Amino acid sequence: MNIGGTLTQVLPIEDSSQIGHARRTAQQLAEQHGFDATDAGRVALVVTELASNILKHAARGELHLRVLPRAVGAGIEILAIDRAGGFDVQACLTDGFSTRGTQGIGLGAMSRQADVFDVHADSRGTVLLTRFYPRNDKAPDRRVGISQHSLHDDPSCGDVFHLAFDGASISALVIDGLGHGEEAERGARAGEQTYALTPFASPVLLLEDIHRAMIGSRGGALAIAQFDGDSLRFVGIGNIGACLIAPDKSRGLASHPGIVGGQYRKAQPFDYAHVNGQLLIMYSDGLQSRWNLQDYPGLVHRHPAVIAAILHRDFCRGRDDVTVLVVALEAAHG
């Protein structure tokens, strides 16, 4: 199972006229990916509620949409993101509870309509996750989160990511092509295409193949992480940030200097044992590196998609393409 990199679709929610547009966009996305009228209707209903709640409780915010490739078909992910003062999540999940005098059917109803529902709210704002799959899709949700955005909403993005799954094993790639725009994307995509052929090969040999594929391009920074159900092997060239996070500690993953497709010294992979149950976070330098999940009580236990969205919301530099990839390292993936 391979998942190639795609940009996150962002829908601003700043006035009531944008609610209908968001509903139509999400419903059409679901229909284009095989959802029948009933399942696409669930998506439309929840997007309407999410957008309405942003306006009622936060005045402004965004919806982030993403297609979730599956072994057969696809799912749809919608995240509602704001910077308001947060709320009592458990109280608001109770049917009949309302903070604004409405009918109080919002969060509880949304949690029942969505196949995956999670939320983190604090004084910085709220990120609410919903994922939808067709009713005949019984495969488990993959606990992976991705937030990827190009500089100034350029259709070309110099960042790429790729994920591969094989039983309990996971392989993850992030490449940041130098600069941004079409030329940066061209080099990064050449590297991604080579990686996708053998994502579970020896990471050093894989890196050498990717390097050859990117020669003649601007080159870029790269990181590859391979999880085998218990341990993690990591190799990085350049400034792709990466860390392993457990509830009580975190540790950075070391990269080597250089440019893939340009020049670097032979890379040495690093092995990390007994990482099952931890989070792997990989990110391009469009994200600030000075963040700590412990500053967000309880966030480490939230869905990886919520974590990726919060890191992007609060630490995006705004000067480059940005990719945040969060993977729950769980043998149950298989």
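What the table shows:
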quantity	calculated
Spin-label model distance (nm) - ARG186 vs SER231, 7 Å beyond Cα toward Cβ	4.1 nm
√(5λ) per eigenvalue of the Cα gyration tensor, the range 215-334, largest first, Å	24, 19, 11
CYS316 - accessible surface, heavy atoms, 1.4 Å probe, Å² rounded to 10	50 Å²
Shape of the range 6-85, Cα gyration tensor, a/c cut at 1.5	prolate
Gained length - SER16 relative to HIS256, 0.36 nm times residue gap less alpha-carbon distance	81.5 nm
FRET efficiency, 1/(1 + (r/R0)^6) with R0 25 Å, evaluated for GLN288 and GLU208 via beta carbons	0.20
Computed label-point distance, nm, for sites GLN263 and LYS138 using a 7 Å Cα→Cβ extension	5.9 nm
Theoretical FRET efficiency, 1/(1+(r/R0)^6), r = Cβ-Cβ of ALA59 and LYS249, R0 41 Å, to 0.05	0.60
Extension gain (nm, one decimal) between ASP166 and ALA196, 0.36 nm per residue minus Cα-Cα	9.5 nm
Between the range 1-64 and the range 255-304, the Cα center-to-center distance that results, in Å	30 Å
Gain in span if fully extended, ILE215 to ALA109, counting 0.36 nm per residue against the direct Cα distance	32.9 nm
Computed over the chain: relative contact order in percent, which uses C-alpha pairs under 8 Å that are six or more apart	16 percent
Estimated D of the range 122-216 in µm² per second, where Rh is the Kirkwood radius over Cα pairs and Stokes-Einstein applies at 25 °C, 0.890 mPa s	156 µm²/s
Helix-only [θ]222 nm of the chain, DSSP H runs n ≥ 4, -39500 (n - 2.57) each, per residue, nearest 500	-8500 deg cm²/dmol
Solvent-accessible surface (1.4 angstrom probe) belonging to LYS266, in square angstrom, nearest 10	150 Å²
By accessible area with a 1.4 Å probe, ligands and nucleic acids excluded, highest first: order of GLU49, GLU183	GLU183, GLU49
Net charge, HIS256 excluded, C-beta distance under 14 Å - Lys, Arg +1, Asp, Glu -1	+1
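The values are calculated or read from the model by the stated rules, or taken from the named source; none is laboratory data. Small disclaimer: the values here were computed from a predicted structure and weren't measured. Positions of Cβ are backbone-derived with ideal geometry, glycine not excepted, and every protein chain shown enters the neighbour counts. Please note that ligands, DNA and RNA were not included when accessible areas were found on the heavy atoms of the full protein model with its side chains. Shrake-Rupley method; radii C 1.70, N 1.55, O 1.52, S 1.80 Å.
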